[in-house]
Amino acid sequence: MTMFSWPTLPAHRGSSGQIQTFAVDSESGALRQGAPTVSSGGVNPVSIAVTGNYYHLYVANAGSNNVAHFSIATNACLTAKDTVTLAAAPAAVAVNAASNYLYVVSGTTSATLTEYPISIADGTIGAATPGCSHASQLSWRHDRPHRGRRAGQRQ
């Protein structure tokens, strides 16, 4: 029987920021509590990303405008490493397939996508890549349904 561990964030917003890990039995799929719960490195964690080799975890903390980096031990214990402070609240994080760039979407009324290099040696987050931040104004209304064409409809 092989056990895999996976980090999760709390289901409710406004949390003080905890990361829980669960072990998954590869044969039965049963879950059990994994390594001890640790602080997310901030307030209101909203997104996580893991490198392809499962050695590093990145957590977007919207309440404290930061992204925290953790190393992941073979027993799934998380160790806090470094933190990057952002100008606006992060909404999502992702790591590219080669695990050498971290992408952060931040902002509440406009969205900015920023690219950060990741050290292959230890997962440390580098300075934002110059010229690789892209802003977009978000604009939509939730009070009325979308009235666009549906796939297959004629105009």
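Against the definition (among the polar types (S, T, N, Q), within 13 Å of the chain's Cα centre (by Cα), under 30 Å from Phe22 (Cβ atoms) and surrounded by 15 or more Cβ atoms within 10 Å (Cβ to Cβ)), how does Ser99 come out, yes or no?
Against the criterion (among the polar types (S, T, N, Q), within 13 Å of the chain's Cα centre (by Cα), under 30 Å from Phe22 (Cβ atoms) and surrounded by 15 or more Cβ atoms within 10 Å (Cβ to Cβ)), Ser99 does not qualify.
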Item to complete: Answer yes or no: is there a residue in segment 74-87 that is assigned to a loop (DSSP other than H, G, I, E, B), more than 25 Å from Ile120 (Cα to Cα) and modelled with pLDDT of 90 or more.
Response: yes
Worksheet, complete the sentence: Scanning segment 1-32 residue by residue, those assigned to a loop (DSSP other than H, G, I, E, B), of a type in the set (A, V, I, L, M, F, W, C) and either modelled with pLDDT of 60 or more or surrounded by 10 or more Cβ atoms within 10 Å (Cβ to Cβ) (or both) turn out to be Leu9, Ala30
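The values are calculated or read from the model by the stated rules, or taken from the named source; none is laboratory data. Just so you know, these numbers come straight off a predicted model, no measurement behind them. So basically every Cβ, Gly included, is an ideal-geometry build from the backbone, and we count neighbours across all protein chains shown.
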